[in-house]
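Here the structure comes first, spelled out in structure tokens, and everything after it is commentary.
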Amino acid sequence: MNLPAAAVHETPAAAAKLPPPPDAVAAVLQALAARFGNRVVTSQAVRAQHGHTLTWVPNQPPDAVVFPQSTQEVSEIVTLCAAHGVPVIAFGTGTSLEGHVNAPFGGVSVDMSQMKEILAIHAEDLDCVVQAGVTRKELNEHLRDQGLMFPIDPGADASIGGMAATRASGTNAVRYGTMKDNVLALTAVMADGSIVKSSTRARKTSAGYDLTRLLVGSEGTLGIITEITLKLHGIPEAISAGVCPFPTVKAACDATIVTIQTGLPVARIELLDETMIRGVNLHSKLGLPETVMLFVEFHGSEAGVKEQAERFGEIAAEFGGGPFDWATKAEDRSKLWQARHDAYWAAKALRPGVDSVATDVCVPISQLADCVEETKRDIEASGLIAPIAGHVGDGNFHTQPLVDLANPDEVARAEAFIERLVKRALAMGGTCTGEHGVGQKKMKYLEAEHGAPALAVMRQLKRALDPQNILNPGKIFLL
């Protein structure tokens, strides 16, 4: 598959939008200081923190950071910025991976960390309403005593607002879906400062356009999400989890495919290649055999999880895998999944002192084994250290090249590898990103994935809802 020439060379620096005039920024900062006092911060350190990005894109800090405490206050901030044409960038916890929170044209970063209220729990309806700054761990701590849980876990303790904005996923997605499947309704502040509620708490509706799905995954470019209504689930009666070694990546992927295709209700099924296992052992002190592994978890009744684990062990054996060692103790499971969630830092332990970029693709489940196997060969041929981990139950996997940014040859090889990875996924009917989002780094692939007409529709939506292009400009695509 050939990427469009114009798209391949599109970079964040090529955006046509210009920073607002200094007098406009000064007027906004003066008004914000008068209204919010010490909740407006302009120090270099705080601004740099809010331009922080876990990609190779340089830090691009905003002109100021504001800490609102309510939807109404977010509306006031956006209304003021709109009046002066100043960009507004929503900020959750800063854990996104594609440059989402950078401020390439300056402006105001709206930090949601003081919007921490859990507004309502409707246990009988299995839903809740939270402010955008509540993190997934905070929510689950609050829910635990009621026997409920929110299952989406992207690894980092991300904010619920940020998870909705980036359409986050995680290890539980194979059973519980992603954020798009678990958000019932949103409250959002639009580009003119107006406050919109996208839907109700009803589990289904045919009333009008689906504004909820439009805003989920829009990365703060169409509106700033301030409140979220979420589906909840009961905490399972029993949970079993364990690890299963395999001789090759292909064998592990083929076992995953059969597990899904036979309808085994696996809750988590995570692939770590031998390179990633070495990093996990270094970082989390697990002492696992340094071979390809699947981390697997089942939810259900005591009898159900036992039967499911045994059936998975049989499937694994068919592909040369095993033994499947599983445990039901909470502390053992927690150690296992914490190690998986720490894979980003574990990978960095393989080559201390260099930088890394975590990238992801997603393909149809039937293409998974071929895609991962070809990617492994590509990594070896490129001479890179790039461990692989993935939520392979839904065809999504990550790789993390470790690169000395002072070495132009290494950088060039890594960037070329990522480009080939995306082309490979697209050629197999997949996507350039299963859960990281587009941000700044994956803008150049959207036309190849969606086609020019679809991209034109997206731009029309952006112009209609944000005619001044002040909401997180320079992300997803350029206007």
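Here the ratio of the Cα radius of gyration of the chain to 2.2 N^0.38 Å is 0.97. The relative contact order of segment 341-423, computed from alpha carbon pairs under 8 Å that lie at least 6 residues apart in sequence, is 35 percent. Given their separation in residues at 0.36 nm each and the Cα-Cα distance between them, Ala456 and Gln114 gain 119.5 nm when the chain is fully extended. For Gly383, what is the net charge nearby, where nearby means another residue's Cβ is under 10 Å from its Cβ and Lys, Arg count +1, Asp, Glu -1? Result for the local shell: -2. Calculated mean residue ellipticity at 222 nm for the chain: -11000 deg cm²/dmol, from DSSP H runs with n ≥ 4 weighted as -39500 (n - 2.57), summed, divided by the residue count and rounded to 500. Summarised as an ellipsoid, segment 205-287 has semi-axes of 36, 19, 16 Å, derived from the eigenvalues of the Cα gyration tensor scaled by 5 and square-rooted, with the largest first.
Hey, what's segment 379-460 come to in accessible area per residue, 1.4 Å probe, Å²? If you can, show how the numbers build up before the last one.
On the way: 2880 Å² over 82 residues.
Value returned for segment 379-460: 35 Å² of accessible area per residue.
Based on Cα contacts under 8 Å between residues 6+ apart, the chain shows a relative contact order of 18 percent.
The calculated Kirkwood hydrodynamic radius for segment 291-334 is 11.3 Å, given to one decimal from all distinct C-alpha pairs. For segment 204-300, relative contact order (Cα pairs under 8 Å, six or more residues apart, normalised by length) works out to 35 percent.
Within the full protein context, the accessible area of Asp153 is estimated at about 10 Å² for a probe radius of 1.4 Å.
Near Gly287, within a Cβ-to-Cβ distance under 12 Å, what is the net charge of the other residues, with Lys and Arg +1 and Asp and Glu -1?
Computed value for this residue: +2.
Of the listed residues Asp181, Asp210, Asp145, Asp342, the order by accessible area with a 1.4 Å probe, largest first, is Asp145, Asp210, Asp181, Asp342.
Spread over its residues, the convex hull of the C-alpha atoms of segment 161-314 is 160 Å³ per residue.
The local environment of Ser356, defined by Cβ-Cβ distances under 11 Å, has a net charge of 0 under the rule Lys, Arg +1 and Asp, Glu -1.
The accessible-area ordering, largest first, of the residues Phe319, Phe36 stands as Phe319, Phe36, per a 1.4 angstrom probe. For segment 233-309, a simple Cβ point-charge model (Lys and Arg +1, Asp and Glu -1, everything else neutral) yields a dipole of about 140 debye relative to the Cα centre. A probe of 1.4 angstrom, applied to the heavy atoms of all protein chains, finds His450 with accessible area near 80 square angstrom.
Computed about the Cα centre, the dipole magnitude for the chain is approximately 820 debye when only Lys and Arg (+1) and Asp and Glu (-1) carry charge, each at its Cβ. For the chain, the fraction of 1.4 Å probe accessible surface lying on carbon and sulfur atoms is 53 percent. As a ratio to 2.2 N^0.38 Å, the alpha-carbon radius of gyration computed for segment 281-380 takes the value 1.28. Of the options Asn182, Val196, Phe295, report the single residue whose Cα projects farthest towards the positive end of the charge dipole of the chain (beta-carbon charges: Lys, Arg +1; Asp, Glu -1). Value computed over the given set: Val196. For segment 45-181, the ratio of Cα radius of gyration to the globular rule of thumb 2.2 N^0.38 Å stands at 1.12.
Ranking of Thr135, Thr205 by solvent-accessible surface, largest first: Thr205, Thr135 (1.4 Å probe, protein heavy atoms only, all chains present). Every Cα-Cα pair in segment 107-150 was counted, and those over 18 Å apart are 29% of them. Centroid-to-centroid, using Cα positions, segment 280-338 and segment 165-185 are 23 Å apart.
Multiplying the sequence separation of His52 and Asn407 by 0.36 nm and subtracting their Cα-Cα distance, what value in nm do you get?
125.6 nm
For the pair segment 421-479 / segment 69-89, the C-alpha centres are spaced 25 Å from each other. Checking the cross-link pairs Lys306/Lys442; Lys116/Lys441; Lys250/Lys285; Lys250/Lys475; Lys17/Lys376 against a 32 Å limit on the alpha carbon distance flags Lys306/Lys442; Lys250/Lys475; Lys17/Lys376 as lying beyond it.
So what is log10(I(q)/I(0)) for segment 372-476 at q = 0.10 1/Å, when the Debye sum runs over its Cα atoms only? Scattering profile of segment 372-476, log10 relative to I(0): -0.36.
The values are calculated or read from the model by the stated rules, or taken from the named source; none is laboratory data. The shown structure was predicted, so the numbers you read here are calculated from the model rather than taken from an experiment. In this analysis, Cβ positions are derived from the backbone assuming ideal geometry, glycine residues included, and neighbour counts consider all displayed protein chains. Only protein heavy atoms, including side chains, enter the accessible area calculation; ligands, DNA and RNA are left aside. Shrake-Rupley method; radii C 1.70, N 1.55, O 1.52, S 1.80 Å.
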